[in-house]
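Data block below; observations after.
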Amino acid sequence: MTDQAIAITVNGERRKGRTEARTTLADFLRDELALTGTHVGCEHGVCGACTVLLDGEAVRSCLVLAVQADGADITTIEGIGPEPGRLGPVQQAFMECHGLQCGFCTPGFVVSVTSFLAEQPAPTDDEIREMLSGNICRCTGYQGIVAAVHRATELIEEATA
Amino acid sequence: MKPGPFEYHAPHTVADVTALLAEHGDECKPLAGGQSLVPMLALRLTGFPHLVDLNRVDGLSGVERSNGTLVIGAITRQRVLERDPQIAEAVPLLARAAPLIGHFQIRNRGTVGGSLAHADPASELPAVALALGATFDVAGPNGTRSIAAADFFTGTWSTALEPDEIVTAVSFPVRGERTGSAIHEMARRHGDFAIAGAVANMSLDAAGRVSAAAISLFGVASTPVRATGAEAALVGAAPADINTLEIGRLALADQEPTDDIHATGPQRARIAAHVTGIVVARALEEAGR
């Protein structure tokens, strides 16, 4: 099995690498591009920790092969904030509302919530819970996370007002 | 857990896809959205020396309405079903079924054709296709053919497709006059595979009686199944005289769902009967509006 050349845009930067066809996008981001913010939990699409934006849409990066992402535009947790060292509104809200404990699942939650709120800026509690069902957290009990999503809608509204 | 090694092919034409499938036979598998195949590869439940990626093939994506038919390209993402106003208007059942498939991150990647060709008996789209009488456009090395949904699903994860064939598009009849449809399922958590579910598509005649009834069940057998006995009992009836609980029981009369970790067979049958009553009532209500 020969390695394949891959060129993707990650967080606005053109990145190249070579990898086996069986390498998932999650492993490629972490092992080849050293972007270890994307976390790998279950590796079969259940936990959501590896969620990234692929051409603007939230996807499980463990269920996309790196070769399939060749030519795509990827946003990882490292590219969610406005600039290095500054938090985006969803990150800020998770911090304020204690939407995390150990933090392992948090990158996936932040990417999923960011994508969801871009499409649905004023969700109900039920819509938030349904949306969050694609990400698993084993620490918090989700109350803080739901509160963080509500808080994020306020922060986004303030920022755009 | 990581997939085992394989050779990756990313052709641009359907002809190249079917040629690769014909060349490599059992050692080859088409890869659509990958939301079922990639987990199975990662868990090493299955493995193929060759994968043929359909995502770069021209002409497999998109939605088109012509005459009374809505044609959906096989590689169209499931998310499109819930976003495209044309689909909600032409075949509202598809827009209602889509949010029940996995999570939005899965639907962003998962495809309509992939879900149908994967043929998981607990999944939503096969049951929708069966209830609506969808037609599958199929391409192989020797040309194209059509397969009716009623002939397509042959067993758990098994279809009438030959190993060197792929689904290229699926055609759904556009909703008719005085017709209503509904889908409902019971799952332990949102996005999980359903313990059982049901789909109904009902039409009324000018006098307000049921002129056509289609009910399909999922999660109760090795394929989605039509509840023909219950359908026959509905045709000709006035909605006010229909006992939906009785229709639900009738729908499950000739099914024997099996036990698994989530539910026993009898539990699953009771759930399916209950859910059937719900979808029949909703579809009738919409048809009468």
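The table below gives the values:
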item	result
Most to least packed among A:135-142, B:122-129 [average Cβ atoms within 10 Å]	B:122-129, A:135-142
Cα-based radius of gyration of chain B once divided by 2.2 N^0.38 Å, which approximates compact folds	1.01
Positive-end residue, the range A:31-161 charge dipole about Cα centroid, Cβ charges, pick of A:54, A:38, A:101	A:101
Cα-based helix-to-principal-axis angle, B:265-287 vs chain B, degrees rounded to 10	70
Within the range B:136-232, trypsin sites (Lys or Arg not before Pro) in DSSP loop having at most 12 other beta-carbon neighbours inside 10 Å	B:188, B:189
Residue exposure sequence - A:16, B:2, B:29 - by fewest surrounding Cβ within 10 Å	A:16, B:2, B:29
Principal semi-axes in Å for the protein assembly as shown [√(5λ), Cα gyration tensor, largest first]	38, 28, 20
Choice from B:45, B:161, B:217 showing the highest fluctuation, given a GNM over chain B with Cα pairs closer than 10 Å	B:45
Stokes-Einstein D (µm²/s) once Rh is taken as the Kirkwood radius of the range B:150-241 over alpha-carbon pairs, at 4 °C in 1.567 mPa s	84
Rough spin-label spacing in nm, given labels placed 7 Å along Cα→Cβ, for residue B:157 and residue B:262	1.6
Shielding by partners - mean other protein chain Cβ count within 10 Å, residues of A:130-137	4
Antiparallel DSSP beta bridges within chain B, percent to nearest 5	85
Helix-only CD estimate at 222 nm, as mean residue ellipticity for chain B, using -39500 (n - 2.57) per DSSP H run (n ≥ 4)	-9000 deg cm²/dmol
For the protein assembly as shown, share of DSSP beta bridges that run antiparallel, in % to the nearest 5	85
Ascending count of other beta-carbon atoms within 10 Å, so fewest first, for B:177, A:83, A:57	A:83, B:177, A:57
Degrees separating the helix A:143-160 axis from the principal Cα axis of chain A, which is the longest one	90
Exercise: per-residue mean of other protein chain Cβ atoms within 10 Å, B:104-116	5
Highest-MSF residue in chain A out of A:98, A:39, A:150 [GNM, Cα springs under 10 Å]	A:98
Within chain A, helix-based [θ] at 222 nm, where runs of 4 or more DSSP H residues each add -39,500 (n - 2.57), nearest 500	-9500 deg cm²/dmol
Computed label-point distance, nm, for sites residue B:254 and residue A:5 using a 7 Å Cα→Cβ extension	6.1
Computed over the range B:1-56: relative contact order in percent, which uses C-alpha pairs under 8 Å that are six or more apart	56
Calculated from backbone phi, Karplus (6.51, -1.76, 1.60) coupling profile of the range B:226-238 in Hz, x at Gly/Pro	7, 8, 5, x, 5, 4, 5, 5, 7, 5, x, 7, 8
Candidates B:261, B:166, B:147: whichever shows maximal mean-square fluctuation once chain B is modelled as a Gaussian network with Cα springs under 10 Å	B:261
Shielding by partners, peptide B:31-38 (average Cβ within 10 angstrom, other chains)	4
Sorted by Cβ neighbour density within 10 Å, fewest at the top, the residues B:158, A:133	B:158, A:133
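We did not get these values from a lab; they are worked out from the coordinates using the rules stated. Being a predicted model, the structure only gives us computed values, none of them experimental. Neighbour counts run over all protein chains shown; Cβ positions are idealised from the backbone, glycine included.
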